[in-house]
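Written out below as structure tokens is the structure these notes cover.
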Amino acid sequence: MYPLRPSRHYYKYIIAFIFAIDEINKNPNILPNVTLGYHIYDSCNDVNRAIESVLNILSGAAAKIPNYSCMEHHKLAGVIGDWSSEISMRIAQVLNLYGISQDKFRYQLMYSPTRNNVLLDLLITNNMDMITDVELWHNLGDKGSCHQCSEDEWPENNLCVPKPIEFLSYGNDPVAHTVSAISVLLFVKTSAIFCVFIVFRETPVVKANNQNLSFILLVSIMLSFLCVFLFLGRPGPISCMFRQTSFGIIFSVAVSSILAKTTMVYIAFKAIKPGSFWRKYIGVKIPNCLVVLCSFIQVLISVVWLLTACPFPETNTDLYTDRIIIQCNEGSMLAFPILLGYMGLLAAVSFLVAFLARNLPDSYNEAKYITFSMLVFCSVWIAFIPAYMSVTGKNTVLVEIFAIIASSFGILGCIFIPKCYIILVRPDLNSRSKLAKQTKT
């Protein structure tokens, strides 16, 4: 057992605690036939000392043996602990094994001062401190004048005041402003690249690997930057309903277009051999069918989700005690993982096909760029899963927004910026002979 050496700043809380215990024990009207006792330990802001102190209380100071009590004492009613969150978590893990609860959010009481009533909010603190807040109210007169605040309120002095509401607001959140500016900037940039491809649509670089698929892919990237705005602002029925499904469908169209472009590279190479079986598949039907089919499956997943367990806005009062989180309830625990899983499957297939076709001797082969774009895409969404699971509140929305922007920009940068460089900076390379010569070297 370590001697208690509290700093002068925290000493007043210990005195208040001891005073409250003495007053309760002296008044037979509060806890008749019950005497309260206490142990006070100093963890010195060290998790090992904190755990040892807990074992001292549970097992006895002479022999710290988990699950054994080596001294006679009465039932442990509760523990008031450490200020450090890390130490609090470790102590809570030990005490939970003994069924001793430490819910510091359980009692949220408001005190209305009267002539005969006193409310003591006791915080036992040492150099760190507080695992849990313990509110003890002491009835010294007729009516003990305390009541519990509602879920959407928080005690402040002698009043229950509304808790502040938290979400990614356009009004006063600089993070939302930054995200909006980035999304708009990248949308404008993608629109400019789309206009360049329209103007130079008859050049070899744009015609390579089906220009229609390039246009579909560019439009999908533009929409992906715009769908970020469904995640900003106060969640409502419409935004909650469409924000996950819209980005899932948009990305499925984009990745399906990439898969179709890569497949056409492979078919084009196979078809140049005399008497090739693949020659009859050259044309617009195969890529168009791939885009429609792969996108339709994601649309079907989204429709089933919306019809069976439609997402809806909700107020989360349990996550934090001092504020309310306005968030979207996804409605189903499985729908969002299925949507992400299908999108990941398309990306993985596209990456595999592009990787296999990256060295094919095609003059207009962009499989290498597609390989890099899918590598970036898959890396972003693989990193998204643990990041999404480890954050709470509006940070979950920020993680998803970052994944959408980063993966969209990865596709844009890897596939289209090299082509724009040739079109705008090196127009001398934008010819069949130059491209063929460049491929051979």
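The values are calculated or read from the model by the stated rules, or taken from the named source; none is laboratory data. Please read these numbers as outputs of a predicted model, since none were measured by experiment. In this analysis, Cβ positions are derived from the backbone assuming ideal geometry, glycine residues included, and neighbour counts consider all displayed protein chains. Surface areas here come from the heavy atoms of the whole protein model, side chains and all, with no ligands, DNA or RNA. Shrake-Rupley method; radii C 1.70, N 1.55, O 1.52, S 1.80 Å.
Table for the structure above
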| quantity | calculated |
| --- | --- |
| Low-density loop cleavage sites - GluC sites (Glu not before Pro) in the stretch 155-261, where at most 15 other Cβ are within 10 Å (DSSP) | GLU202 |
| Span from the the stretch 146-181 Cα centroid across to the the stretch 185-212 one, whole angstrom | 45 |
| Members of LYS270/LYS368; LYS26/LYS163; LYS189/LYS270; LYS207/LYS273; LYS207/LYS368 lying beyond 29 Å, as alpha-carbon distances in this model show | LYS26/LYS163; LYS189/LYS270 |
| Cα-centred dipole magnitude for the stretch 230-344, charges only on beta-carbon of K, R (+1) and D, E (-1), debye, nearest 20 | 980 |
| Pairwise FRET efficiency - THR114 versus THR315, Cβ, R0 = 41 Å, nearest 0.05 | 0.80 |
| Residues CYS420 and LEU356, FRET efficiency given R0 of 25 Å [Cβ-Cβ distance, rounded to 0.05] | 0.40 |
| Accessible area of CYS310 in the full protein assembly, 1.4 Å probe (Å², nearest 10) | 40 |
| Farthest positive-ward along the stretch 150-236 dipole, Cα basis, beta-carbon charges - from LEU159, ALA176, ASN210 | ASN210 |
| Extended-chain gain in nm, criterion 0.36 nm per residue less alpha-carbon gap, ASN395 and VAL184 | 73.9 nm |
